[in-house]
1. Can you tell me which residue among 101, 62 is free of Cβ contacts under 8 Å to residues at least 60 places away in the same chain and in contact with a helix residue (DSSP H, G or I) (Cβ under 6 Å, 6 or more places away or on another chain)?
2. Kindly establish whether residue 181 is modelled with pLDDT under 70 and either more than 28 Å from residue 27 (Cα to Cα) or exposed (fewer than 12 other Cβ atoms within 10 Å of the Cβ) (or both).
3. Please specify each residue of the stretch 64-123 satisfying the condition of being over 23 Å from residue 18 (Cβ atoms) and among the aliphatic types (A, V, I, L, M).
4. So, in the stretch 97-125, how many residues would count as being touching a Ser or Thr at 6+ places or on another chain (Cβ under 8 Å) and either modelled with pLDDT of 95 or more or closer than 21 Å to residue 44 by Cα (or both)?
5. Residue 15 versus (1) buried (at least 20 other Cβ atoms within 10 Å of the Cβ); (2) within 19 Å of residue 172 (Cβ to Cβ): which is the lone unmet condition?
6. Consider residue 72 carefully, then state whether it is surrounded by fewer than 22 Cβ atoms within 10 Å (Cβ to Cβ), under 14 Å from residue 6 (Cβ atoms) and in contact with a Leu (Cβ under 8 Å, 6 or more places away or on another chain).
7. How many residues does the stretch 78-97 hold that are of a type in the set (A, V, I, L, M, F, W, C) and in contact (Cβ under 8 Å) with a residue 40 or more places away in the chain?
8. Just to verify a result, which residue in the stretch 29-51, among those that are crowded, with 17+ Cβ neighbours inside 10 Å and not small (Gly, Ala, Ser), is farthest from residue 171 (Cα to Cα)?
Amino acid sequence: MLTLAGAVVNTSTVVHLFVVPLSLQSVWGLSPLQAGVAFLGPAVLLACGGPIAGRIPPSGAVRAMATCLCASATLLLGAAFAQSELLYLLLVTLCGGFLGVANALTLIATQAVVGEHVAGVASGLTKTIITLAAGFGVILAGRSTGAMLDIQAVFTSLALCCFVASLMLWAGQRYWDGHAGKQAVDKLTGR
């Protein structure tokens, strides 16, 4: 479940990096230079996600990731239907920050829920899966570029995926919290 949510986060992050600069040019009419300068805000907040996520205790990583996914879903949905360039830029900038934190938390949360003896394997497998998912996301988003860019469809789809993943994480966390201490369960395999 955590890996699936991580795949959603990473896909959303990579598609965000791919679509926002294109949309600033094709939808909002900015030149490539203007779009690059405008995208500095989302890129900087996205990059700040790692150091911010590193300050979150591992015990709270899953909840924080779910919260960031929910916030990202809300911001993506708002950006999909934004009527002004300034509002759009504000929403995608904030979304970049939340996606950056959630993306970094993917591996932190993975290591927090598995035993130390499999943490490296679990992180490597998670990273492989989320990278593949992001590649497929770009392939799908790449079908609508330039004049054909359908920002509403792309961002609404991502928002729905982020929201569902956040619900899965909260439900999973609630399940694990309710079953903690009752019997020894390997959180990686569920046995």
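1. Answer to the selection: 101.
2. When the stated conditions are applied, residue 181 passes them.
3. Within the stretch 64-123, 64, 66, 108, 109, 112, 113, 114, 118, 119, 121, 122 meet the criteria.
4. Result for the stretch 97-125: 7.
5. Evaluating residue 15 over (1) buried (at least 20 other Cβ atoms within 10 Å of the Cβ); (2) within 19 Å of residue 172 (Cβ to Cβ) leaves (2) as the failure.
6. So residue 72 does not fit the description; no.
7. 7
8. Residue satisfying both the conditions and the ranking: 30.
The values are calculated or read from the model by the stated rules, or taken from the named source; none is laboratory data. Every value quoted in this text rests on a predicted model; they were computed, and no experiment measured them. Glycine also receives a Cβ, built like all others from the backbone with ideal geometry; neighbour counts cover every protein chain displayed.
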